1. Look through B:R69, B:R34, B:R19 and report the one residue that is open to solvent by 40 Å² or more (accessible area, probe 1.4 Å) and either over 30 Å from B:G102 (Cα atoms) or β-branched (V, I, T) (or both).
2. Count, please, the residues in the stretch A:159-217 that happen to be farther than 24 Å from C:A53 by Cβ, surrounded by 23 or more Cβ atoms within 10 Å (Cβ to Cβ) and more than 13 Å from chain B (Cβ to nearest Cβ).
3. Filter the stretch C:380-413 for residues that are touching a Gly at 6+ places or on another chain (Cβ under 8 Å) and not basic (K, R) and give the result.
4. Which condition number does C:M842 fail, the rest of (1) in a helix (DSSP H, G or I); (2) modelled with pLDDT under 95; (3) open to solvent by 20 Å² or more (accessible area, probe 1.4 Å); (4) out of contact with any Pro (no Cβ under 8 Å at 6 or more places or on another chain) being met?
5. Output yes when any residue across the stretch C:187-199 is open to solvent by less than 10 Å² (accessible area, probe 1.4 Å) and over 17 Å from C:G150 (Cα atoms), and no when none is.
6. Do we find a residue being away from chain B (no Cβ under 14 Å), open to solvent by less than 10 Å² (accessible area, probe 1.4 Å) and within 11 Å of ligand 1 (Cβ to nearest atom) anywhere in the stretch A:82-100?
7. Please verify whether B:M132 is under 29 Å from A:P89 (Cβ atoms) and more than 10 Å from every other protein chain (Cβ to nearest Cβ), treating the condition exactly as stated.
8. Any idea which of A:D303, A:D324 is open to solvent by 10 Å² or more (accessible area, probe 1.4 Å) and either within 16 Å of ligand 3 (Cβ to nearest atom) or not hydroxyl-bearing (S, T, Y) (or both)?
Amino acid sequence: MERPLTKNIRPGQEPLSLVEYEQAGGYLALRKALTSMSPKDVQDAVKASGLRGRGGAGFPTGMKWSFVPLGEHAPKQKYFIVNADEMEPGTFKDRLLLEGDPNLLVEGVILAAYAIQADRAYIFLRQGYTLAAKRLRRAIAEAYAKNYLGKGILGTGYNLDLRLHTSAGRYICGEETALINALEGRRATPRAKPPFPQVSGLWGKPTVVNNVETVMNISPIIANGAEWFKSLSRSVDGGTKVYGVSGRVKRPGAWELPMGTTLRELIEERAGGMQEGFRLRGIIPGGASTDVLLPEHLDVKMDFDSVGKAGSRLGTGTAIVLDDHTCPVGFVHNLEQFFRRESCGWCTPCREGLAWIEQTLRAIESGAGEMSDLDMLAGQCRLLGPGNTFCALAPGAVEPLQSALKYFREDFVRHIKGKKCPWK
Amino acid sequence: MLTDEEKSEIAEELAQAERREQACVEALLAVQKRRGWVSDENLAEIALLLGMTPAELDAVATFYSFVFRKPVGRHVITLCDSMVCWSLGLNPLYEHLKARMGITYGETTKDNRFTLLPASCMGACDRAPVMMIDNDLYGPVEPGAIEGILRKYT
Amino acid sequence: MFSVLSVKDMVTIYIDSKPYEVKPDQNLLQACLTLGFDLPYFCWHPAMHSVGACRQCAVKLFKDEKDTRGRIVMSCMTPVAEGMRLSVDDAEARSFRASVIEWLMLNHPHDCPVCDEGGECHLQDMTVMTGHVYRRKRFPKRTHRNQYLGPFVNHEMNRCIQCYRCVRFYRGIAGGRDLNVFSCHDNVYFGRHEDGALESEFSGNLVEVCPTGVFTDKTLKRHYTRKWDLQTAPSVCVHCGVGCNTIAGERYGSLRRILNRHHRDVNSYFLCDRGRFGYEFVNSEKRIRSATCLPFSASGGKPHGEESRKIGKQAAVDQITKILASAKGVIGIGSPRASLETNFLLRKLVGPENFFAGLSDTEHRLVARIVAILREGPARTPSLQDIRAADAVLVLGEDAPNTAPLLALAIRQSVRNKQFEIAAKMRLPAWDDNAVRNSGAGARSPLFVATPYATRIDDIALRAFRADPVGIARLGFAIAREIEPSAPELPLAADGTGQDIPALAREIAAFLKAAKHPVIVSGTGCLNEQVLAAAANISRALCLAGPSAQLSFVLPECNTLGSGLLGGRTLDEAFTRMQDGLADTVIIAENDLYRRAGRREVDAFFRKARHVIVLDHLRNPTVERAEIVLPAATFAESSGTLVSSEARAQRFFQVFLAEGDVQAGWEWFDDLQRSMGKQPPGSETRLDDVTALLGREFPLLAPASSAAPPASFRVAGQKIPRQSHRFSGRTAMTAGADVHEPKPADDADTALAYSMEGHEGAPPPALTPRYWSPGWNSVQALGKSPQETGEETNSGESGVRLIEPTGSAPGYIGPETIGSEDWEATVAPPRYRIFGSEELSMQAPAIAEMARRAEDIPRQATGGNASHE
Ligand SMILES: Cc1cc2nc3c(=O)[nH]c(=O)nc-3n(C[C@H](O)[C@H](O)[C@H](O)COP(=O)(O)O)c2cc1C
Ligand code: SF4
Ligand code: FES
């Protein structure tokens, strides 16, 4: 099985240096693209591969790029940004990739930037990823030294500057338009769309934001072609996926597997199944802002459509398991506490609604709940749905809650009736 | 007063920035790196260097979790309180730290050695429960191992 | 080739299945409000447009006729489109809107009974409108600490509903940089970085912009009255020459507050702090309330031990009549801060030969020059709306932020036109505020500021040029020549200064020529006629070169231009007349001569005068020299007409009946005329008569009669009530004196009534005493009056422009045609202060406090890259 994203990663060791990376076939794709492909060719290759964004929404990457105005009349200044904010609870795949093979990311950035003719790129890295920052800095410096970055890359007329920006910590910075504001040195509140960043992004210029994992797929796609990419997958969505499992499993971790690997394989084989004495009660398949699935969903394939059909979202593809020793109310309360704290405070439903939800869940968890709270919570889940709030944070925040209310209603009722948490 | 070193680091960030205020988070962190936090006085000075007003800079500074606008101890311990860590033993860890140091979240020990803060998911759920001291990540952390870890920070 | 273009300028949308015609460049919220729907909103504001933050304006949008589910959209963020189907009434949309209010009320203190905003609170209105009544949340409310924000604005953060309007106004419109939003999530905080007076001179607008009681009027707080208990009238600001439209409110004989009165072409939605908070001079202890007599005082100050004597109205008139009858020569000195009518009747009383305008000599000369330039053209004087629409502005010699604050605000708004241009190219709607700002990324239309001292719009200027007035004139002449080589030349200084002028002139000329709507702003601030000539020449050159340039002159006082148009002799001539013994008696109307000429000259003048009669509002050094003092009504206690710097005649209306002998200047002069037998006995003179008479003698001023509807104006046979239909305590107000309720006073001068009775609907803008519409009790009710939504008002009824250029085009003004005194203008030109330079507002305690503290208040970083929020 091919692992284009993680093949260079040697756990517990330093990542490949640039020279080693080149020896492993690195930067051949870039050479190929710059010498024999037009920006449009690169876009088309990515489009043909069917690569869908790994940042959570699964938007087709090639299509996203194609919205960037190219040609004479297009604005000269354009930007490419890597979204390495990764702050969604349960998600740690980008950290492993960044720490493991920073060169692959840098090469991907150059290819992507070339495809949209950006002359400046940024990596927006979350706070606290200090090891990743160190390794990225080195990879960038080495790429500059070898003229993979800078002026006249590889003797062509293409120039690109790449900068690493480290954030000071806010989940909302991961939302691409908030990220753009953050990068401008402003408060990271999201922007309304339209206009989409591809038309008006950083400083009002065309901008593409892609997730770390998405970007890391570019070089393998250019090197090996669309058909190869599709063949990696076990589903309609091409490629591999870095899946993760955390919670009370024997071997929490992340693995690069064919797209469409089932939850069962992930949890039972890769993660070694539940720890002794714990049973599986639920799964949040794709990071904290996705709906809960049940053990009966274990055979769902982890690809965009299949997870959607099961009533949740692939999201980031990093699953969190809920075990039978953990209070599901406490579990959702903890999630909503996160979302309340991380709301940017711009729009009313999210700012006020999540706070109210959090307070109510806290009350239920501590035995002060009332039966009417359940209707109130269900109502809030509807009210905080897509379109009602300014960005996707709040709709994501209520996904786990709405499904918990559905699947674990009994547990909520026991808290309220018994006036205490049965797990305590 | 900012030191020359701080000023020159800010100047370096400014040199790379497309617009001056773009460097504001970096500038704040450059100062915080050395002092642990950003005082009002420092904030005003940084703002001046960036062509911003203190209000403008503080609007950004207070938005982020990891720009400290209040004094902290010599070392900052952050506990991830998001879901995976919570479900895998955050509470015992927190209880232990509370008892050991006599402080709760947001407080600093009397000897000014440690400040304890909660933090949102640190992206290390595979190692839950995790704890960060300054820039060092620890996980999974057993309460029994805390003593040994703390000893490294004086 | 001729063809009939079918321009479809309206689109049809379906609201709850009924078709409506709406303008295509609107969003759905604007469209619905214009059509009269009661759709609640918070973050949207007609001047600040849409940002989609509050989520209050939700409606249901359907894909087509068959779509019955629809989806919720924010109406303020959705452009109208032909055939669009939506529902305001949809149950889900309604319940979502009610939920938004519920969220906003979760932490709101529910302190309406003790809140200054209570009764005129947009949050209250919207809460009632959505039907939210029952509180479900049972957890404690979040609380915040309040800040001290200076003498103008009170801060009560707990009431905040986070609509972000305050920062959007303060930063995005007014360019203030010391108010911001801090922190995050459900803890966001709006205020300053630390306690302290707000630095922006537009801070008072927060009071109106904030939809609830976070920012309230601190001056009102000290004599608090609810909106509904105020007796109010439409007024015009008297604190500078811009002529902002206001609404003034009174209770128990004291003036309580000033609010903005929307005028699309003038102040639009905003006022400056001098205009908003300067009103307290009306209540000052220094007010003159009765006619007093102080014999012998004229010739040598107050005689020792002599006390002034209240003599009463009639006795005063009689005594003055006697004095006038026996005088060896009477002169009258008018005032640029008195109404046209007051000036005119004084002129009538003493005769045109003996009437002196009352401007300082320099100003007199400058104003005459300005009147000539404006009348001859070719450049026309722009309204503030025209300035807001400018795509290039040159400020020549005028410190507009201090001398004409709202004009400076208009300039600040104009530089954003570049962003609108960029947005339009990207097909982004102009009302999508953040999209416009973000895609514009701080781009600005060119502004050049050439002034003696730094100004508060330098931060948005492409270039700021500092020089003395002559240097500024040199730059101006050079610009005109760059645009059009036949413009006259003003050689560079012999001493070699100003070497940078040619290059700068070239740059500025290029920008002005490239603009479609260039505006030149100048004024009397430099006290230099060459600066005016330079401005005129630039605008002329531009007009010849193509773009229709407009030329705005800033004049210092509320009726300086009116004085200029009435003519009258110079003060110097008045002094000479007295010194030469050709006159021995002077009547001075609303003018402190010590502000117009040197102390020695004025002292000498008074020493020589046998009789000095002074009419004014407040005691001042000139009043101290009077033998007879007549109490003049302020703008709040009288009606009259003022001509703004734009040459717009506007009417202010009496808010309340003054106590004591106080009456309008023009009424005093009418009384004197009568008493001297110059008016047929038994007849009555009304304001409209005076204005009409004035128009007959001064054809240029004739349109002033239509500055506002006449006294005979009625809506459905009714007058416009100054008291709201909720005015309380009417029967009790005077019960302490007499249990019989007095009959409301008549007002024969205007179409307004001193009562609650009358027409309740929206009156014409010029007669608007308050904004109200059923369910809309706050100032946001303005948005419900049809002519005011969508930035459109029937402005013709609110003031009238007096000067349109004749196009007789006399040519350039050569340097040689200007009096030589300006050439040697080596003295430093005056520095103006928004708080401090104007006479009347300085008698308002809050303004005086800010003036005192002007030095301690740090003006924070300017320059740099002011972020473009
Ligand atoms: C609240 C919120 C947080 C997000 N956080 C991240 C993130 O940390 N990393 C990321 O790649 N995408 C994140 N996204 C998704 C981004 O907005 C964006 O869709 C993504 O970066 C696009 O990359 P892709 O097309 O490669 O998936 C977040 C979205 C929301 C609404
Ligand atoms: S949903 Fe609203 S408040 Fe929440 S993060 Fe998005 S914009 Fe901010
Ligand atoms: S008015 Fe439409 S979202 Fe606030």
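The values are calculated or read from the model by the stated rules, or taken from the named source; none is laboratory data. The model shown is predicted, which means the values in this text are computed figures rather than measured ones. Note that each Cβ is placed from the backbone with ideal geometry, even for glycine, and that neighbours are counted across all protein chains shown. Keep in mind that these areas ignore ligands, DNA and RNA; they rest on the heavy atoms of the full protein, side chains included. Shrake-Rupley method; radii C 1.70, N 1.55, O 1.52, S 1.80 Å.
1. B:R19
2. Counting residues in the stretch A:159-217 that are farther than 24 Å from C:A53 by Cβ, surrounded by 23 or more Cβ atoms within 10 Å (Cβ to Cβ) and more than 13 Å from chain B (Cβ to nearest Cβ) gives 9.
3. C:L396, C:G397, C:E398, C:D399, C:A400, C:T403, C:A404, C:P405, C:L406
4. (2)
5. Yes, some residue in the stretch C:187-199 is open to solvent by less than 10 Å² (accessible area, probe 1.4 Å) and over 17 Å from C:G150 (Cα atoms).
6. Checked the stretch A:82-100: at least one residue is away from chain B (no Cβ under 14 Å), open to solvent by less than 10 Å² (accessible area, probe 1.4 Å) and within 11 Å of ligand 1 (Cβ to nearest atom).
7. No.
8. Selected residue: A:D324, the only one of A:D303, A:D324 that is open to solvent by 10 Å² or more (accessible area, probe 1.4 Å) and either within 16 Å of ligand 3 (Cβ to nearest atom) or not hydroxyl-bearing (S, T, Y) (or both).
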